[in-house]
Every structure is written in C-alpha cells, then in structure tokens.
Amino acid sequence: MQFGRYFEEFEVGAVYRHWPGKTVTEYDDHLFCLLTMNHHPLHMDAHYAESASQFKRNVVVGNYIYSLLLGMSVPDVSGKAIANLEVESLRHVAPTFHGDTIYGETTVLDKRESGSKPDRGVVAVETRGYNQDGTLVCVFRRKVMVPKKEYAAAAVPDGVDPERPSFPEPR
C-alpha cells in the first residue's frame, strides 16, 4: 500500500477520497477537549448545550474535526512529506454532533518545484470533510513540501523505501 506521494505523483485537479470514515463518539470529543484544555460547555456539558444552545445538544469541537481530516489525508497526501508548510485557510461550515460519521476528500490545487532545492516541490491541496448525510462540515487548504521520486531513489540505491525499513527476522 502506498503511503504518501512523491512530487511527480501529484496532478493538479486530482481528487483523493480518504477511507475509511470515522464515527465521532462522545468519548472522542471529550478526550480531545480535555487534552487541549478546551472546556467550553457547548462541547462538555449536555445540560448546558440542551438549555442554552441553538442546537440543543453538544457540538463536537471543531479542531477535532480538522485534526481528524488532516490525519485521514496523510496516507494520500503528506505521508512522504518533508514538511507541512502552512495551513492557508480553515473553515468550519456546519456543526458535527456525537454519532456523526466524517468522510474526507482532498483536491490537488497547485504544485511547483522548490526554488532553492531541486530535490523537492510544494503541493497545495484543499481537504473537505462531510458527514454521513453529505453535508460539508469542514474545509481547509494547506501546502506540503514533498520529495521528488528521483531524489528518493538516489538516496537509497537498493530501492528500499527509507520510510519503510525492513523488519528484523523473527527468532
């Protein structure tokens, strides 16, 4: 299974659908909130959400959805990345609730060779996240620096992928 892409393997306009989706649980949402110290009651307090919010239930914290989609995109987009250069934009378009399943897809917007190092290039992508009903919930654009295939081949003459070293033989 391929993990990430080299610069030459990206084509402007290509769309990568990330699989599988992820059903967001209350546990996922609360753990993320606690780990990131986001204790807003809209995410953590069911009574508050029911009585004081327009949705009448907890809303999943948006940065979890962004992080989930970013992670989903790694095998297709940034698995071989030298660096994640920037997140150009991030929009939370619709709320996500406990029990929703998130699916993602990424479109290649642009690619250019590095101006300073001939062994790499920069790829611009847009990732979109949808819930199980097809509602767009999150969209973000980012730029990733990835190596060129020829550089990777020259770095390891025997053809072994440096990102997937061989495992020792069992004893």
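Computed over protein heavy atoms with a 1.4 Å probe, the carbon and sulfur contribution to the accessible area of the chain reaches 54%. Converting phi to 3J(HN,Hα) with the Karplus coefficients 6.51, -1.76 and 1.60 and the offset θ = phi - 60°, region 49-58 yields 4, 5, 9, 10, 10, 5, 8, 6, 7, 4 Hz in sequence order, with x at every glycine or proline.
Annotation: amide H of LEU85 within the under-5 Å range of LYS143, VAL144, MET145, sequence separation 5 or more or interchain, hydrogens built in the peptide plane. When exposed loop sites are taken as GluC sites (Glu not before Pro) in a DSSP loop with at most 16 other Cβ atoms within 10 Å, the longest stretch of the chain clear of them is 12-162. Just add up the charged neighbours of PHE97: K/R +1, D/E -1, any other residue whose Cβ is under 15 Å from the Cβ of PHE97. Value of the local net charge: -4.
Every helix of 4 or more DSSP H residues in the chain counts as -39500 (n - 2.57), and over all residues that averages to -6500 deg cm²/dmol at 222 nm. For the chain, modelled as a GNM whose springs connect Cα atoms under 10 angstrom apart, the maximal fluctuation among SER53, SER67, SER116 occurs at SER116.
Taking only protein heavy atoms and a 1.4 Å probe, what accessible area per residue, in Å², does region 1-149 have with all protein chains in place? Accessible area per residue, region 1-149: 52 Å².
Working note: Karplus 6.51/-1.76/1.60 with θ = phi - 60° gives region 109-125 the couplings 8, 6, 8, 8, 6, 5, x, 10, 9, x, 8, 8, x, 10, 10, 9, 9 Hz, where Gly and Pro are set to x.
The Cβ shell under 13 Å around LEU35 holds other residues with a net charge of -2, Lys and Arg each +1, Asp and Glu each -1.
Taking the Cα centre of the chain as origin and assigning +1 to Lys and Arg Cβ atoms and -1 to Asp and Glu Cβ atoms, the resulting dipole is close to 240 debye.
The values are calculated or read from the model by the stated rules, or taken from the named source; none is laboratory data. On a predicted model such as this, the values are computed, not experimentally measured, just so you know. Cβ coordinates were reconstructed from backbone atoms using ideal geometry, including for glycine residues, and neighbour counts include every protein chain displayed. Accessible surface areas use protein heavy atoms only, side chains included; no ligands, DNA or RNA. Shrake-Rupley method; radii C 1.70, N 1.55, O 1.52, S 1.80 Å.
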